[in-house]
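Since the structure comes first, as structure tokens, the remarks are kept for the end.
Please treat every number below as a calculation from the coordinates, not as lab data. Just so it is clear, the structure is predicted and the values come from calculations on it, not from any experiment. Methodologically, a virtual Cβ is constructed for each residue, glycine included, from the backbone with ideal geometry; neighbour enumeration extends over all protein chains shown.
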Amino acid sequence: MTNSRFANWQAPEIIDGQPTKYNWIVQNKVGLSLGHHTDIGAFTYINAKFGVMIEDEVQIGSHCSIYSISTIDGKTAPVVLKRNCRIGTHSTIMPGVTIGENAIIGAHSFVNRDIPADCVAYGVPARVVRQLDSPGGPI
């Protein structure tokens, strides 16, 4: 069941390299797949050159960075954020990462490897710290 706060949700207009009306930016928007009922915080940056798939009901905090390409090590790979996952503010998601359904990433985390479904992970680098008792529910 979709959260009532999304009752009037509409996909934002995305213009490559320009802030949306919610003040987040996508570069290489052709590589972005944006699900329904998503919530992306202000000042988040998404580089979708090699693909970023954000499934339905994903929440991304403000000031996050999501990269499908790394200029540090040259890695290029798609990023997948599965349904109902939540990414804490100021977190960074690196190329090739999949974050599982209902997973929660704590604030200020650096995610450089896959995170499974139904768990809480955080840190630099992010590590799974526990499984969720009720998938998709409060922690």
Of all GluC sites (Glu not before Pro) in segment 1-79, which ones are in loop regions per DSSP and have a Cβ with at most 10 other Cβ atoms within 10 Å? Glu13
Under the rule of at least 5 residues apart or a separate chain, name every residue whose amide H is placed under 5 Å from the amide H of Ile60. Asp39, Ile40, Gly41, Ile87
Taking every DSSP bridge whose two residues both lie in the chain, the antiparallel percent to the nearest 5 is 20
Using the beta-carbon distance between Trp9 and Ala77 and R0 = 22 Å, what value does 1/(1 + (r/R0)^6) give for FRET efficiency, to the nearest 0.05? 0.15
Once the convex hull of the alpha carbons of the chain is built, what does its volume come to per residue, in cubic angstrom? 91
Ranked by GNM mean-square fluctuation in the chain (Cα springs under 10 Å), the top entry among Ser109, Ser91, Ser70 is Ser70
